[in-house]
Each structure stands twice: as structure tokens, then as C-alpha cells.
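*Asks:* My questions all concern the structure below.
The values are calculated or read from the model by the stated rules, or taken from the named source; none is laboratory data. Quick caveat: nothing in here was measured; it's all calculated off a predicted structure. Don't worry about glycine lacking a Cβ; one is built from the backbone with ideal geometry, like all the others, and counts go over all protein chains shown. Calculation scope for accessible area: heavy atoms of the full protein, side chains included, ligands and nucleic acids excluded. Shrake-Rupley method; radii C 1.70, N 1.55, O 1.52, S 1.80 Å.
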Amino acid sequence: SLAPDHVELRIKDEQRRWMAPSDFIKSDFTTLANGFTLVTTFGIDYRHLAAATREIPQQMTRDIREALLQHLREEELRKVHVDFKEAAASSLDFLIIANFTGNVAGDYFPLLRLLQRYAVESCHKHGWSIPFPQLVVHQPDTAAAS
């Protein structure tokens, strides 16, 4: 709502935030009503290097799309695409990109979490390992130093 001394923003009817009209005018908002794209990164172990650029992105795209369509109508999901991003320090990283219609804008954050969940499920289904950070400690050989 708009009043001379404040603007009230309602988020999902439960959360409310008030701000001065001058701050509201200066704010940078993004509208999701016409559709939106979610992008997230997901890493897989280096042991799957041979499949990293073709097989894994193609299969993961299919798996994530099928899983999302268990929760969404076909017309609400515009596109899903998984692409190899980079060979990072401890993982082969992939970009998961999904484009949705504005009808599901209220599920913005749950959808972002679902993309990660379905990537994990795809890895489990196909036996692709997910790396975890490791710390290697090198100690000097005390026997050789004596």
C-alpha cells in the first residue's frame, strides 16, 4: 500500500516491510510476473571427467526436467538446461539453468532448492559422486631429519 509517509510491501501476505517513498523510488526491484530464470552451480567428482561435457549435462537436464514436472504444469516450466561450467579446484562444476513462467513466482526460493535436490537425486541415480572438501596435511619426515 502507498501512503504519503510510507510504502508498505507485503511478501506472501505474511511478511511486511515499510519504507519511505523516496527509498522505494530509489530501490531496484525485479518483477517475476513475466517469468524468471534460476541459475545454480553444482559440483561432481573429478572421477567422472570423461562424461563431464556431454553425457552428464544431457542426462541431468532430462532428470531435473522430469522431476520438476512432477510439481509443475508443463506450461509453467519453459526450459531446463545443464551445462559444464568449469574444472574447479575440487569438483567439475555445472550450471543448472531453469526458466519458469510468472505463475510460479511465489515458489522462487523453493524452486531454487529443488534444482539442487534434483541434481543430487540425478547423481545418486547414475552413480556420479559428489565431492566433499578435503584437507591434506603434509608432515615432515622426523626420522629422516634425525
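*Asks:* Mind listing whichever residues of the stretch 77-100 are outside any strand (DSSP E or B) and open to solvent by 20 Å² or more (accessible area, probe 1.4 Å)?
*Replies:* So in the stretch 77-100, the residues outside any strand (DSSP E or B) come out as 88-91.
Within the stretch 77-100, Ala88, Ala89, Ser90 qualify.
*Asks:* Scanning the stretch 122-131 for residues that are closer than 18 Å to Thr40 by Cβ, open to solvent by 30 Å² or more (accessible area, probe 1.4 Å) and part of a loop (DSSP other than H, G, I, E, B), which turns out modelled with the highest pLDDT?
*Replies:* Here is the first cut: in the stretch 122-131, the ones closer than 18 Å to Thr40 by Cβ are 122-124, 128, 130-131.
Narrowing the set further to residues that are open to solvent by 30 Å² or more (accessible area, probe 1.4 Å) leaves 124, 130-131.
Going one step further and asking which of them are part of a loop (DSSP other than H, G, I, E, B), we end up with 130-131.
Working: Ile130: 93, Pro131: 89.
Step by step, filter the stretch 122-131, then rank; the result is Ile130.
The rows are residues; the columns are (1) within 16 Å of Ile97 (Cα to Cα); (2) open to solvent by 70 Å² or more (accessible area, probe 1.4 Å).
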{"site": "Ile25", "(1), (2)": "no, yes"}
{"site": "Phe29", "(1), (2)": "no, yes"}
{"site": "Leu38", "(1), (2)": "yes, no"}
{"site": "Thr41", "(1), (2)": "yes, no"}
{"site": "Thr53", "(1), (2)": "yes, yes"}
{"site": "His71", "(1), (2)": "no, yes"}
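*Asks:* Further question: Taking Gln139 and the conditions (1) assigned to a helix (DSSP H, G or I); (2) over 30 Å from Ala33 (Cβ atoms), which numbered condition does it fall short on, given that it satisfies the others?
*Replies:* Of everything listed in (1) assigned to a helix (DSSP H, G or I); (2) over 30 Å from Ala33 (Cβ atoms), Gln139 misses just condition (1).
*Asks:* Across the stretch 101-121, which residue is surrounded by the most Cβ atoms within 10 Å (Cβ to Cβ) among those that are at pLDDT 95 or above and of a type in the set (A, V, I, L, M, F, W, C)?
*Replies:* Ala119
*Asks:* Shifting gears a bit: Find all pairs meeting these conditions: Cβ atoms under 6 angstrom apart; at least six residues apart or on different chains; first residue within the stretch 43-54 and under 15 Å from His126 (Cβ atoms) and free of Cβ contacts under 8 Å to residues at least 24 places away in the same chain; second residue of a type outside the set (Phe, Trp, Tyr) and loosely packed, with under 12 Cβ neighbours inside 10 Å.
*Replies:* Every condition considered, no pair remains.
*Asks:* Inspect all residues belonging to the stretch 129-143 and state whether any of them is out of contact with any helix residue (DSSP H, G or I) (no Cβ under 9 Å at 6 or more places or on another chain) and under 30 Å from Gln15 (Cα atoms).
*Replies:* To start, the set of residues in the stretch 129-143 that are out of contact with any helix residue (DSSP H, G or I) (no Cβ under 9 Å at 6 or more places or on another chain) comprises 132-143.
Now drop any that are not under 30 Å from Gln15 (Cα atoms), which leaves none.
The answer is no; no qualifying residue exists.
*Asks:* Here is a follow-up. I'm checking my understanding of the structure. Among residues of the stretch 43-71 that are of a type in the set (Val, Ile, Thr) and not in a loop (DSSP other than H, G, I, E, B), which one is nearest to the chain's Cα centre (by Cα)?
*Replies:* Kept after step one, since they are of a type in the set (Val, Ile, Thr), are these residues of the stretch 43-71: 44, 53, 56, 61, 64.
Among the residues that remain, those that are also not in a loop (DSSP other than H, G, I, E, B) are: 44, 56, 61, 64.
Numbers: Ile44: 14, Ile56: 17, Thr61: 13, Ile64: 12 Å.
It comes out as Ile64.
*Asks:* Test Pro21 against the criterion of being modelled with pLDDT under 95 and either in contact with a Cys (Cβ under 7 Å, 6 or more places away or on another chain) or surrounded by 13 or more Cβ atoms within 10 Å (Cβ to Cβ) (or both), and give yes or no. Spell out the reasoning first.
*Replies:* Working: modelled with pLDDT under 95: yes; either in contact with a Cys (Cβ under 7 Å, 6 or more places away or on another chain) or surrounded by 13 or more Cβ atoms within 10 Å (Cβ to Cβ) (or both): yes.
Yes: the conditions hold for Pro21.
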